[in-house]
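The values are calculated or read from the model by the stated rules, or taken from the named source; none is laboratory data. Owing to the predicted nature of the structure, the values given are computational and were not obtained by experimental measurement. A quick note on method: Cβ atoms are made from the backbone with ideal geometry, for glycine too, and the neighbour counts reach across all protein chains shown. Accessible surface is based on the protein model in full, side chains and every heavy atom, while ligands, DNA and RNA are left aside. Shrake-Rupley method; radii C 1.70, N 1.55, O 1.52, S 1.80 Å.
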Amino acid sequence: MNIENLVKMANDIGNFFSAEPDRTVAVHGIADHIRRFWDPRMRKAIIAHNREGGVGLNELPRAAIAELDNEATLLREAGDG
Amino acid sequence: MALRDYDFGTPPSQSDKMVTLEIDGFSVTVPEGTSVLRAAASIGIHIPKLCATDSLEPFGSCRLCLVQIEGGRGLPASCTTPVAEGMKVCTQNERLAKVRRGVMELYISDHPLDCLTCSANGNCELQDMAGAVGLREVRYGYEGENHLKAEKDTSNPYFAFDPAKCIVCSRCVRACEETQGTFALTLDGRGFDSKVSPGQNQSFMESECVSCGACVQACPTATLMEKTVIEKGQPEHSIVTTCAYCGVGCSFKAEMKGTEVVRMVPNKDGHANHGHSCVKGRFAFGYATHKDRITAPMIRKSIHDPWRVVSWEEAINYAAAEFKRIQAKYGRYSVGALTSSRCTNEETYLVQKLVRAAFGNNNVDTCARVCHSPTGYGLKQTLGESAGTQAFDSVMKADVIMVIGANPTDGHPVFGSIMKRRIREGAKLIVADPRDIDLVKSPHVKADYHLKLRPGTNVALINAMAHVIVTQGLANDAFAMERCEPASYEKWKAFVSEERNSPEATEAITGVPAETVRAAALLYATGGNAAIYYGLGVTEHSQGSTTVIGIANLAMATGNIGREGVGVNPLRGQNNVQGSCDMGSFPHEFPGYRHVSDFETRSQFESAWGVTLEAEPGLRIPNMFGAALDGSFKGLYCEGEDIAQSDPDTQHVHAALRAMECVVVQDLFLNETAKFAHVFLPGASFLEKNGTFTNAERRISPVRKVMPPLAGYEDWEVTQMLSNALGYPMNYSHPSEIMDEIARLVPAFAGVSYEKLDRLGSIQWPCNEKAPNGTPTMHVDQFVRGKGRFMLTEYVPTQERTSSRYPLILTTGRILSQYNVGAQTRRTMNSVWHSEDRLEIHPHDAEQRGINDGDWVGIKSRSGETVLRATLTERVQPGVVYTTFHFPESGANVITTDNSDWATNCPEYKVTAVQVTKVTEPSEWQRQYRQFSEEQRALLEQRSSAAG
Ligand code: SF4
Ligand code: SF4
Ligand code: SF4
Ligand code: FES
């Protein structure tokens, strides 16, 4: 998946939750959204990108993706065989 | 189904108070305000009449319906005389008969007596009345002055106007005013000289007429007549079905001669349209039998090979083998399917079932992705259900109507007419739209406030309205605190109260003067029942979901939800947008909007379908394109959807389609997507199949087969064959069995069945034990999610900004006569009204660029470039240009970008930064497109049958 596009999508989601005064709620909201709406191959790609420094990712989505990274069990071998 | 409806003569009275009277010795009790004519009709006494009909207010001009009332003077017209307690009416006696014969004699003396060859023969009220009054001679000759030589007007492609036959009953004039609200017809002159004409003695085509056909339907003679009836004669039977065009979902009687449709007549008992229609539904059905229909399956190895016509069996087996080969090579998740909002509920349900059960993944999406997915998301998050809250009729109880990002008179014409009627009755109107849509100012309708905002700033505007409502103490705190989550309400109030959300602060963003926003907010919050109607101008933005949430917040904060006359009302684009979403044609949701990760729901589907189901969400349409270019998505089954034309950033979409190894298209025509296909499975038009559509008010209406499918199969049968070939058995013998399965698995559909639909006509879901006949108004006592939830709606400007290179904002829309990608309407005479997409540009911007009306202009964005002709108009504001996307060669989507809604990836069709320049030739893209299209047309023409 085009990583720039995924970064943009993650940042867009982050922007919606940026109005939330409680940071934990915001990070959780972003993580939950990505978990519920992104195909695993997209989640896998953004997590990998984040592990490599996450160029272009804003602070809130970055924290949310880190949260997803911890739930490694959710990831299946998708899209690559 | 009876061909002709019973006509009560005048509309029903809404009064609860009952009145008893006597007509010809029979006692009858009717609501106060009922006419004597209607009261008589209700007990089977037919008083002769000509100028009255029950869809229109009575006019009292023909004097045929005279009656005698005991103790009264003279002979009053029964159509304009209301009933009174104890009244004694006589409808037939010698005196009345004589007067009526006299009236008829006068009519007939100025009427051509060519009944035997007249198109209305057998269905003419003038004939009927001559018979009813016993007319035996006409004493006045034809020598005197008459209208028999009046010229015919055949300018309208669908109906003819033959004034020689006009009896000046004015039913057409009233239909145009009352039913349609266009005021295109006038009744000029008095007495013998009076005549009906469109506009100021113009032809129909030159006039304001929008060709809705209401006048044709109302005309009691052959004066206004469908050309198809003139050509083919009167129909002999009729079948009730549902329009396949827009989200209003009008009910129609298909009037038939054998298996041929003679005309479509809107159904008086239709719950969405009450006997009205627009030009598309009534007249634009000819595409179903157009010569471009492809009626035999075809396959080819590469998109540069000629098509090979094959048997159904071979085509299905080939497609199944390809999908299996791809999955074996690239994995289970490398294939998927798309359904369309033009598919029936049953078809959509079956395709998503095929994907989940036969493909074994969740890669299924629908074109609602690109139109109303933010509605589903936003309303589910706030109110708890992904659907509009009201019935269409609810607007008749609204005091304030706010229309935002919708153009009902063009996009949802029949609902637009109902809305206009309510506005003529005095409801106030707020329009938020970058353009001067018709509602802003049209005959007898004027917006109280037009918030002419810049494209892409809806959220800032809604926040500003909320700011005024909260800071001025106009919110309904009692409602919000009791019905909604109090903590979310408090948080939201604090957020919108921030100074940066005030109308003064947002004026620089939206371009709407602060005082106008304040006045509109005051009206919305305090004007009585306030209802919001919105469309794609809300959803097709990078903040589409945020605006939907903002709208729901406004309705909850002011208590405008949970009863008639109020609510949050998405106007769905295509006919079955609601249904395709309800049926689980989403990569993350099972039918009934339940997430695929939900264990309980999944188990229920697993045991019903006998397979293990995937718990992770699949790919959405734009993600499928991304994955295709990435090499992880290789096969697509696409039913009824034309992604190659309708989706944004055309070049990207075309590249993705070329990257796939097997594209299966099931459609009526070789559409744009089919040019990239390897398997073509011929589809059936709505006239050729059974099923149901669900309109924008959650109304499930039957679609009935009126002719056999041209290619031999209904679409659901094709999906079933494909599933069987893939190894997952499906054995339905009729769509009603599919609906029965839906009813078993989707709680909101628990009470729905074909038997009930036949009985009730239509049903608004939820339909279950608690609401066996359906639910017109939602969230009455509590929200579907329990407590309503306020959410914060930060305004985030779109990344699509104007710059010195791209200084103008392009926004897109649609018009009345064409439908979506135009595959159907372009194949009808509707193109008379709109034969090309044009670019609307403000004269000021045009002048700066040396552009004149009609010039070819290049429109360039960061994505691509195309060329259209310019129309100079002040309907658009300076800095904004506008176009439609009904013609593939226009390539309107070549210029739209891949920006999309943050929550749902719904593309941002409504905002693209562009530059416009005068040019002399088509764009490079258009040249390539033409070349490719010609190649594909040739490959179609070279198609060979398997034998040859
Ligand atoms: S077709 Fe419709 S708009 Fe045109 S004149 Fe008749 S009623 Fe009016
Ligand atoms: S055109 Fe038909 S409806 Fe109109 S006034 Fe003449 S007869 Fe009546
Ligand atoms: S297109 Fe819409 S408004 Fe027109 S007839 Fe069909 S459903 Fe009704
Ligand atoms: S029907 Fe009553 S006056 Fe014509």
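In terms of modelled amide H atoms, which long-range or inter-chain residues lie less than 5 Å from the amide H of residue B:881?
B:809, B:810, B:811
Starting at the first residue of the stretch B:514-528, write each ³J(HN,Hα) from the Karplus equation 6.51 cos²θ - 1.76 cosθ + 1.60 with θ = phi - 60°, in whole Hz, x for Gly and Pro.
Coupling constants for the stretch B:514-528: 4, 5, 5, 4, 4, 5, 5, 5, 4, 5, 4, 7, 10, x, x Hz.
Just the number, please: buried accessible area between B and A, total of both chains, 1.4 angstrom probe, nearest 100 square angstrom.
Working: alone 34030 and 4970 Å², together 36340 Å².
The buried area between B and A, both sides summed, comes to about 2600 Å².
Using only Cα atoms, find the angle between the long axis of helix B:621-630 and the longest principal axis of chain B, and express it within 0 to 90 degrees, rounded to the nearest 10.
The helix B:621-630 is inclined about 30 degrees to chain B.
Excluding residue B:79 itself, what net charge comes from residues whose Cβ is under 9 Å from its Cβ, given Lys and Arg +1 and Asp and Glu -1? Could the numbers behind the result be given before it?
On the way: positive: B:38, B:49; negative: none.
Its environment carries a net charge of +2.
For the stretch B:159-288, which whole-number percentage of the solvent-accessible area (1.4 Å probe, protein heavy atoms only) is attributable to carbon and sulfur atoms?
In the stretch B:159-288, the share of accessible area belonging to carbon and sulfur is 51 percent.
Determine the percent antiparallel among the DSSP beta bridges restricted to the protein assembly as shown, to the nearest 5.
Values: 62 of 109 bridges.
Taking every DSSP beta bridge within the protein assembly as shown, about 55 percent pair in antiparallel fashion.
Non-local amide H neighbours of residue B:839 (under 5 Å, H modeled in plane, Pro and chain starts lacking H): which ones?
Hits under the 5 Å cutoff: B:869, B:870, B:871.
Determine the calculated [θ] at 222 nm for the protein assembly as shown from helices alone, applying -39500 (n - 2.57) to every DSSP H run no shorter than 4 residues and normalising by the residue count; nearest 500 deg cm²/dmol. Write out the running numbers ahead of the final one.
Values: 34 runs with 329 residues, N = 1029.
After summing the helix terms and dividing by residue count, I get -9500 deg cm²/dmol.
Report the FRET efficiency, 1/(1 + (r/R0)^6), for residue B:804 and residue B:446, where r is their Cβ-Cβ distance and R0 is 30 Å, rounded to 0.05.
Details: r = 38 Å, r/R0 = 1.27.
Computed FRET efficiency for residue B:804 and residue B:446: 0.20.
Could you compute the FRET efficiency for residue B:504 and residue B:154, with r as their C-beta to C-beta distance and R0 at 56 Å, rounded to 0.05? Don't skip to the end; give the middle numbers.
Numbers: r = 57 Å, r/R0 = 1.02.
It comes out at approximately 0.45.
How far apart, in nanometres, would the label points at residue A:22 and residue B:769 be if each is projected 7 angstrom from Cα along the Cα-to-Cβ direction?
Going by the 7 Å Cα→Cβ label model, 3.6 nm.
Fully extended, how many nm does the chain gain between residue B:200 and residue B:853 (0.36 nm per residue separation, minus their Cα-Cα distance)?
Details: separation 653, 0.36 × 653 = 235.08 nm, distance 2.60 nm.
232.5 nm is the gain from fully extending residue B:200 to residue B:853.
Pop out the ³J(HN,Hα) list for the stretch B:609-618 in order, Karplus 6.51 cos²θ - 1.76 cosθ + 1.60 with θ = phi - 60°, rounded to Hz; leave Gly and Pro as x.
Each residue's phi maps through the Karplus curve to give 9, x, 9, 8, 10, 6, 9, 9, x, x Hz.
Considering only protein heavy atoms and a 1.4 Å probe, what is the carbon-and-sulfur percentage of the accessible area of the stretch B:373-570? Don't skip to the answer; put the middle values down first.
On the way: 2680 of 5360 Å².
Accessible surface attributable to carbon and sulfur in the stretch B:373-570 totals 50 percent.
For the stretch B:373-570, just the Cα set please: Rg and Dmax, both in angstrom.
Expressed in Å, the Cα Rg and Dmax of the stretch B:373-570 come to 15.2, 46.
When ligands, DNA and RNA are left out and all protein chains stay put, how many square angstrom of accessible area per residue does the protein assembly as shown have with a 1.4 Å probe?
Values: 36340 Å² over 1029 residues.
That works out to 35 Å² per residue.
For the residue pair residue B:269 and residue B:875, what label-to-label distance in nm results when each label sits 7 Å from Cα along the Cα-to-beta-carbon direction?
3.9 nm
Please list, short to long, the whole-number percent of alpha-carbon pairs of the stretch B:133-262 in consecutive 10 angstrom bins beginning at zero.
11, 36, 33, 17, 3, 0
Rounded to whole Å and ordered largest first, report the semi-axes of the equivalent ellipsoid of the stretch B:349-402 derived from its Cα gyration tensor (root of 5λ). Provide the component values of the computation, followed by the final result.
On the way: eigenvalues 218, 29, 21 Å².
Working through the eigenvalues yields semi-axes of 33, 12, 10 Å.
In the P(r) worked out for the stretch B:18-132, what percent of Cα pairs fall beyond 23 Å? Kindly include the intermediate steps, with their values, before the conclusion.
Working: 2028 of 6555 pairs.
Here the long-distance tail beyond 23 Å is 31 percent of all Cα pairs in the stretch B:18-132.
Checking the table B:232/B:253; B:353/B:675; B:493/B:787 against a 20 Å threshold on Cα-Cα, which pairs fail? Please list the in-between numbers first.
Numbers: B:232/B:253 17 Å; B:353/B:675 27 Å; B:493/B:787 17 Å.
The pairs that break the limit, which is 20 Å between Cα atoms, are B:353/B:675.
Output the Kirkwood hydrodynamic radius of chain B, Cα pairs only, in Å rounded to one decimal. Working shown, then result.
Working: mean 1/r = 0.0339 Å⁻¹.
It is 29.5 Å.
Roughly how tilted is helix B:312-330, in degrees to the nearest 10 and between 0 and 90, from the longest Cα axis of chain B?
Tilt of helix B:312-330: around 40 degrees.
Length gain on complete extension for the stretch residue B:46 to residue B:114, per 0.36 nm per residue less the alpha carbon to alpha carbon distance?
Details: separation 68, 0.36 × 68 = 24.48 nm, distance 2.62 nm.
Here the segment from residue B:46 to residue B:114 would lengthen by 21.9 nm.
Which value in Å does the Kirkwood hydrodynamic radius of the protein assembly as shown take, with 1/r averaged over all unlike C-alpha pairs and then inverted? Before the final figure, lay out the partial values.
Values: mean 1/r = 0.0330 Å⁻¹.
One decimal place: 30.3 Å for the Kirkwood radius.
Using each residue's phi in the stretch B:688-702, evaluate 6.51 cos²θ - 1.76 cosθ + 1.60 at θ = phi - 60° and report the 3J(HN,Hα) Karplus result to the nearest Hz, with x for Gly and Pro.
10, 8, 9, x, 9, 10, 10, 8, 5, 9, 6, 8, 8, 10, x
Expressed as a fraction of 2.2 N^0.38 Å, the rule-of-thumb size for a compact globular protein of N residues, what is the C-alpha radius of gyration of the stretch B:808-932?
Values: Rg = 14.3 Å, N = 125, 2.2 N^0.38 = 13.8 Å.
Relative to the 2.2 N^0.38 Å estimate, the stretch B:808-932 comes out at 1.04.
Nearest 0.05, what FRET efficiency do residue B:937 and residue B:328 give at R0 = 35 Å with Cβ-Cβ as r?
Details: r = 34 Å, r/R0 = 0.98.
My answer for the efficiency is 0.55.
With a point put 7 Å past each Cα toward its Cβ, work out how far residue B:317 is from residue B:490 in nm, to one decimal.
Output for this residue pair reads 7.0 nm.
Peptide A:6-16: average number of partner chain Cβ atoms within 10 Å per residue? Walk me through the numbers before you get to the answer.
Values: counts 2, 0, 6, 7, 1, 3, 11, 2, 2, 8, 12.
For this peptide, the per-residue mean of nearby foreign Cβ atoms is 5.
With equal scatterers on the alpha carbons only and no solvent term, can you work out the Debye log10 of I(q)/I(0) for the stretch B:201-358 at 0.11, 0.12 1/Å?
Calculated log10 I(q)/I(0) at the listed q: -0.68, -0.76.
Near the amide H of residue B:484, under 5 Å away, which other amide H atoms are found, from residues 5 or more places off or on another chain, if H is placed in the peptide plane?
Result for residue B:484 returns B:788.
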